[in-house]
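Have a look at the structure below before the remarks.
The values are calculated or read from the model by the stated rules, or taken from the named source; none is laboratory data. Only a predicted model underlies this, so the values are computations on that prediction, with no experimental measurement involved. Positions of Cβ are generated from backbone atoms using ideal geometry, with glycine treated the same way; all protein chains shown enter the neighbour counts. We work out accessible area using only protein heavy atoms, side chains counted, and drop any ligands, DNA or RNA first. Shrake-Rupley method; radii C 1.70, N 1.55, O 1.52, S 1.80 Å.
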Amino acid sequence: MASNIPTAHVAPSRQKPTTFKWLADVLEGCRVRDRDAQRTLYERYHLRVNRLMVRMVGEEDAADLTQQTFLQLFLKLDQFAGRSHFDTWLYRLSFNEALQFLRKSRRFRYFPLTHEPMSPSQAHEQYDDKELLDQAMALLDPELRSIFMLREIEELTYGQIAAALDIPEGTVGSRLNRARAELQRHLIRLGWKP
Amino acid sequence: MNCQEAQEHLSAFFDGELPSTVQESVADHINGCAICARELERFEKLSQLASMLHCPEPPMGLWNELEKQLDAAVAPARPRGRHLRTSIVAAAALLLIGLALGLYVKNTWFGHGHGDHLAENFGSYLEMFQHDPVQAQKILIANYDGNTTTLEEITRRLKYRPVVADGLPKGYTVDSLYLLKMPCCICPQAVLKGEDGNVLAVFEHDADQPTWFGKRPMVKCRCAGRPTTIAEIDGKLAASYKSGSRYVTLVGLRDLDEATRLISHLAARQTAPGR
């Protein structure tokens, strides 16, 4: 029976298509400091960058890091040579900003504002599964957190993840195995019942 | 395929990233293995949870904040079809070319090749200072024959009071003072500590030193009303501005707010007698 055969999970992309011509024009405008072009690029990508930052550094610092990432983007745009896709370059820039922030603040994890230490049963009574996942993600090593986010939230392919994180494509699967295993461990400790 | 092999491929299987032959082998194994099948179910549940995660939107007005920073950090350059701005940029470019030529002809600081060497040395210092200011200071002092000193000694030897002598903004203290034999001059340097633990270095020198920032992207803007050159170094900023007949360079600034606060404070004391 076909229904018994395990199938691969291939998520449809939730991102709007960005045409090459449109992006090339906007980037050209940004390179010459055209404010309208900068605003257009910001509008197109800021929710995505903010979403990454919320999970990487926590809600409290996410807006500052989003702003900082765009400032760096506009200042460093000449370094984008077009050899990789702009989206993956922006992901790399964002993660570098986040990791740099975490290193400087000597924090390798953040705690969502709702988090208070408590027993697993208490935690599960108080939080729903989504909130538990938020807390479990915050306990992950930032590099595992980033790879899980890029796959499960941003829905990137392994090739795109490898380019964004500057790691070999063959490493992506094994790191995702670790990320998923550790997330389950943290979730179960927090009271998740799979 | 055994469990260990299947589990090594499990994420790639789940995400549809395996070659079809391996995908089929893993599927065959999972069909006959309750442990691996349960693990795959958990991946599916995790994935469903992740797709439902709520993400707060950034605060309203974030673009306006960013725009202010861009205004402060980025000089307008070559906007298409805007003649007025083009003229301003052209004038600024001519001015910069003139300054560069003037500097080249004047060449008063150091001989040929010395600037590159200095840029390299100082560039290493700037980068290291962002992460390990103590080690960076050690190397700087070794390279430029530096000695610890006091405000009194600086005033006696250089015949002027250093810019940090008349107080710092609230929350900053002078951690140490040095005299360095830089190619341009004997240069007093103060290492400051902020109450948040941030460490900054303040140099005073006799002439503008664009070489110090090497080939890093630089912007020219006004901080506290003073024309200031800002360079970004590994996530932090360095700023250089003219103070009386000398120049002051600040290293290790967190952001433009900190640059403005410090420059505003230090510049206000620049007109004191003896400076």
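Let's see how each residue does on (1) at pLDDT 85 or above; (2) not in a loop (DSSP other than H, G, I, E, B):
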residue	(1), (2)
B:208	no, no
B:212	no, yes
B:221	no, yes
B:232	no, yes
B:239	yes, yes
B:261	yes, yes
B:264	yes, yes
B:271	no, no
B:274	no, no
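Residues in region A:163-190 that are more than 11 Å from every other protein chain (Cβ to nearest Cβ) and open to solvent by less than 10 Å² (accessible area, probe 1.4 Å): 1 in all.
The residues listed here are B:225, B:197, B:167; of these, the one that is in contact with a helix residue (DSSP H, G or I) (Cβ under 9 Å, 6 or more places away or on another chain), under 27 Å from residue A:75 (Cβ atoms) and in the same structural domain as residue B:138 (by TED's automatic domain parsing) is B:225. Of the residues screened, residue B:123 is not one that is modelled with pLDDT under 80 and either open to solvent by 40 Å² or more (accessible area, probe 1.4 Å) or farther than 18 Å from residue B:202 by Cα (or both). Considering only residues that are of a type outside the set (A, V, I, L, M), within 19 Å of residue A:67 (Cα to Cα) and in contact with a strand residue (DSSP E or B) (Cβ under 7 Å, 6 or more places away or on another chain), which ones fall in region B:232-250? Listed by number, the list holds a single entry, B:236. Tallying residues that are more than 7 Å from every other protein chain (Cβ to nearest Cβ), at pLDDT 90 or above and either outside any helix (DSSP H, G or I) or crowded, with 20+ Cβ neighbours inside 10 Å (or both) within region A:46-55 yields 3.
For first residues located in region B:15-42 and within 22 Å of residue A:158 (Cβ to Cβ) and at the interface with chain A (Cβ under 8 Å from one of its Cβ atoms), partners that are of a type in the set (Val, Ile, Thr) and in a loop (DSSP other than H, G, I, E, B) and lie 6+ apart or on another chain with Cβ distances below 7 Å form the pairs B:16/A:10; B:27/A:5. Considering region B:1-109, the qualifying helices (runs of 4 or more DSSP H), each wholly inside and each with 2 or more residues that are at pLDDT below 90 and among the charged types (D, E, K, R), run over B:62-73, B:83-106.
Taking the criterion of being closer than 21 Å to residue A:193 by Cβ, within 46 Å of the chain's Cα centre (by Cα) and small (Gly, Ala, Ser), no residue of region B:1-46 qualifies. Scanning region A:133-145 for residues that are open to solvent by 10 Å² or more (accessible area, probe 1.4 Å), more than 10 Å from chain B (Cβ to nearest Cβ) and in a helix (DSSP H, G or I) yields A:139, A:143.
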